[in-house]
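To start, the structure under review is shown below, and the notes come after it.
The values are calculated or read from the model by the stated rules, or taken from the named source; none is laboratory data. Fair warning: this is a prediction, and the values are worked out from it, not measured in the lab. No Cβ is skipped: glycine too gets one built from the backbone with ideal geometry, and neighbour counts run over all protein chains shown. Surface accessibility is based on the protein's heavy atoms, side chains included, excluding ligands, DNA and RNA. Shrake-Rupley method; radii C 1.70, N 1.55, O 1.52, S 1.80 Å.
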Amino acid sequence: MQQAVVTVGSRGVGPADVLAVARGDARVELSAEALAEVARARGFIEDLAAKPDPVYGVSTGFGALAVRHISPELRAQLQRNIVRSHAAGTGPRVEREVVRALMFLRLKTIASGHTGVRPEVLQTMADVLNAGITPVVHEYGSLGCSGDLAPLSHCALTLLGEGDAEGSDGVVRPAAELLAAHGIAPVELREKEGLALLNGTDGMLGMLVMAAADLSRLLTGADITAALTLEALLGTDRVLAPELHAVRPHPGQAASAANMAKVLEGSGLTGHHQDDAPRVQDAYSVRCAPQVAGAGRDTLAHALLVAERELAAAVDNPVVLADGRVESNGNFHGAPVAYVLDFLAIACADLASIAERRTDRLLDRNRSHGLPAFLADDPGVDSGLMIAQYTQAALVSELKRLAVPASADSIPSSAMQEDHVSMGWSAARKLRTAVDNLTRVIAIELYAAARALELRAAAGGMPAPASLAVLEAARAAGVAGAGPDRFLSPDLAAAEAFVRGGGLVRAAETVTGRLA
């Protein structure tokens with residue numbers, strides 16, 4: 001298969017480009033236009049460097065040390081030193097896809113021609129990405145202001161041929177060895193270049209883009225599992241009618257309701273009951289599923305708008321303007337990204353919370369409308385899915401803790417020069433955990449709803465064609481069906497893989513067509 005190529009110009013990139021490089025190992029190429037813009041901006045920096053007037057990042061120290069004027073013979077050392085000293089991360093390694101997104105987005109900003117970095121430095125960044133070299137970046141070190149300083153510094157250290165990095169074979173080696181193996185010469189930094197390599201919000205932005213892609217799939221999956229649960233509980237699909245959602249015109253709500261209606265089309269179970277006293281209304285967790293998932297969709301839409309603006313931005317300080325001015329600014333502050341990262345964590349927690357409540361209804365014989373207690377084969381002898389719901393509840397509790405906003409905190413640094421920070425990197429890290437846990441919560445609802453629908457079918461009920469397609473695909477993916485008690489963890493792991501890999505959505509869409 002031919003390797004995908006992403007060409008980077010001076011006007012930013014799109015979410016698909018980030019995903020292609022971070023997750024798909026696409027090759028990065030630089031447009032001639034971008035290289036020309038970078039060279040033009042570099043000319044302005046070199047002109048300023050030759051003048052006696054102090055310019056931040058060019059001929060001064062950094063942060064609280066910006067008051068010192070640096071003589072020309074010490075400026076290369078200054079740029080090396082900022083990279084070495086700022087590569088102060090600690091804790092576990094960050095995932096490969098995050099580091100690739102981090103490097104690619106820094107490259108995107110440098111390609112804008114607003115940073116003053118030489119074209120050869122930009123080309124080296126592309127060469128490192130294309131060689132599959134991934135710097136070792138640590139979990140802790142970024143406050144989300146003045147950029148993701150420590151993470152980006154670890155990436156810049158690799159360009160210098162220092163520190164450790166992972167090769168394309170997955171083995172961690174000294175960066176100098178990896179560069180030499182691929183014929184890449186280490187960079188010798190000049191004025192402003194060290195600062196420009198580490199002064200951006202690229203880590204939190206990369207994680208936002210990837211979380212948004214994952215959440216988009218999970219929101220569709222959550223609509224499917226909500227529909228399966230409604231059907232298994234013999235609920236009514238009349239609440240999904242488009243005219244009901246038109247009177248409260250939130251686009252996400254309408255999309256979720258439409259997804260559920262498509263999944264339930266042709267069901268012989270909805271609106272039926274095990275007694276002669278049909279319910280007037282289903283419980284909130286069933287009836288309000290489109291409203292909650294729809295709010296998550298609208299939150300995601302806002303987050304994507306912020307991401308698209310950031311992907312078109314050039315985040316650096318100081319910045320080189322088109323007329324040659326080099327101006328200090330505060331564009332490196334991560335607040336715009338941090339807020340939506342936290343907002344998405346709240347949406348994850350609530351979507352998981354309502355899914356857990358639906359699962360609990362399926363397992364409670366007093367509220368499940370004729371299903372056996374805990375969906376057990378022989379209740380009392382068998383415990384069924386009792387503890388699977390415990391696991392789901394534990395995940396939901398963790399998600400609620402992860403929903404506490406990181407961006408509401410700030411801790412001063414750099415001798416009070418950097419006295420308000422975004423904590424956007426922290427918001428991004430916890431959102432990644434939240435997305436993982438939401439995947440597991442949805443998988444457990446799927447597992448329970450699938451078993452409940454099998455029991456309904458065994459009793460003569462007829463699930464919707466889309467529901468049956470999901471059941472068949474889940475079984476083919478190793479998600480075992482109803483029966484006596486067994487070791488549940490492998491079943492739940494198979495369900496998680498089915499949801500995470502998109503199998504749930506693909507299975508439903510074989511009947512429904514494309515879902516929102």
Amide N of region 95-111 lying under 15 Å from the label point, which is placed 7 angstrom from the Cα of E33 along Cα→Cβ: 111
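Per residue, how much accessible surface does the chain expose to a 1.4 Å probe? Answer in Å², no decimals. Kindly include the intermediate steps, with their values, before the conclusion.
Values: 20690 Å² over 516 residues.
Averaged over the residues of the chain, the accessible area is 40 Å².
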Cross-link candidates for K430: which aspartates and glutamates have Cα within less than 17 Å, leaving aside residues fewer than 8 places away along the same chain? E95, E97, E139, D148, D202, D214, D342, D350, E398, D409
Considering only protein heavy atoms and a probe of 1.4 Å, how much of the accessible area of region 116-269 is carbon and sulfur, as a whole percent? 54
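Using a 1.4 Å probe on the protein chains only, how many percent of the accessible area of region 1-50 belongs to carbon and sulfur?
Ligands and nucleic acids excluded, carbon and sulfur reach 52 percent.
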If a/c stays under 1.5 just call it rounded; otherwise compare a/b with b/c (prolate if a/b is bigger, oblate if not). Do that for region 97-188, with a ≥ b ≥ c from the square roots of the Cα gyration tensor eigenvalues. oblate
Between D53 and E177, the two model label points (7 Å from Cα along the beta-carbon direction) sit apart by a distance in nm of 4.9
Report, in cubic angstrom per residue, the convex hull volume of the C-alpha atoms of region 148-307. 170
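Work out the P(r) tail for region 1-95: percent of alpha carbon pairs separated by more than 15 Å, whole number. Don't jump to the answer; show the numbers that get you there.
Working: 3293 of 4465 pairs.
In whole percent, the share of Cα-Cα pairs in region 1-95 beyond 15 Å is 74.
With the full set of protein chains in place, find how many percent of the accessible area of region 398-516 is carbon and sulfur; take the probe as 1.4 Å.
On the way: 2890 of 4940 Å².
Of the solvent-accessible surface of region 398-516, carbon and sulfur hold 58 percent.
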Take the Cα atoms of region 276-390, find their three principal axes, and give me the spread along each one in whole Å, biggest first. 78, 33, 15
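Just by accessible area at a 1.4 angstrom probe, what is the order of K400, K108, K430 from largest to smallest? Numbers along the way, then the final one.
Numbers: K400 120, K108 5, K430 30 Å².
Sorted by accessible area, descending: K400, K430, K108.
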Can you check what the Kirkwood hydrodynamic radius comes to for region 399-516, Cα pairs only, in Å to one decimal? 17.0
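Can you give the calculated 222 nm mean residue ellipticity of the chain, where each DSSP H run of n ≥ 4 adds -39,500 (n - 2.57) and the sum is split over every residue, rounded to the nearest 500 deg cm²/dmol? Walk me through the numbers on the way to the answer.
Working: 19 runs with 281 residues, N = 516.
Rounded to the nearest 500, the figure is -18000 deg cm²/dmol.
Could you tell me the calculated FRET efficiency between Q123 and A477, based on Cβ-Cβ distance and R0 = 60 angstrom, to the nearest 0.05?
Details: r = 44 Å, r/R0 = 0.73.
After rounding, the FRET efficiency stands at 0.85.
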Considering the Cα positions of region 448-516, please state its Rg to one decimal place and its Dmax as a whole number of Å. 12.3, 37
Residue (of G200, V340, V58) at the positive-pole extreme of the chain, dipole from beta-carbon charges: V340
Counting only protein heavy atoms and leaving out ligands, DNA and RNA, the solvent-accessible surface of F487 at a 1.4 Å probe, in Å² to the nearest 10, equals 150
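How far, in nm, would the chain grow between T510 and R84 when pulled straight, counting 0.36 nm per residue and subtracting the alpha carbon separation?
Values: separation 426, 0.36 × 426 = 153.36 nm, distance 5.34 nm.
So the extension gain works out to 148.0 nm.
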By the Kirkwood definition, with r running over pairs of different Cα atoms, the chain has a hydrodynamic radius in Å of 24.8
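Please work out whether region 139-213 counts as rounded, prolate or oblate from its C-alpha gyration tensor, where a ≥ b ≥ c are the square roots of the eigenvalues and a/c under 1.5 means rounded, while otherwise a/b larger than b/c means prolate and anything else oblate? Intermediate values should be presented prior to the final figure.
Details: a/c = 2.29, a/b = 1.33, b/c = 1.73.
Here region 139-213 falls in the oblate category.
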Taking the DSSP beta bridges in the chain as the whole, what percent of them are antiparallel, to the nearest 5? 70
How much length would be gained if the chain were fully extended between F487 and S383, taking 0.36 nm per residue of separation minus their Cα-Cα distance, in nm to one decimal? 36.3 nm
Which cross-chain or sequence-distant (5 or more) residues have an amide H under 5 Å from the amide H of G271, H modelled 1.01 Å from N in plane? G235, T236, D237
Let me check the size of region 248-328 from its C-alpha atoms; what are the radius of gyration and Dmax in Å? 23.5, 80
By the Cα gyration tensor axes a ≥ b ≥ c (a/c under 1.5 gives rounded; else a/b larger than b/c gives prolate, otherwise oblate), the shape of region 73-147 is oblate
First obtain the Kirkwood hydrodynamic radius of region 13-163 from its Cα pairs, then insert it into the Stokes-Einstein equation at 10 °C and 1.306 mPa s, and state the resulting D in µm² per second as a whole number. 97
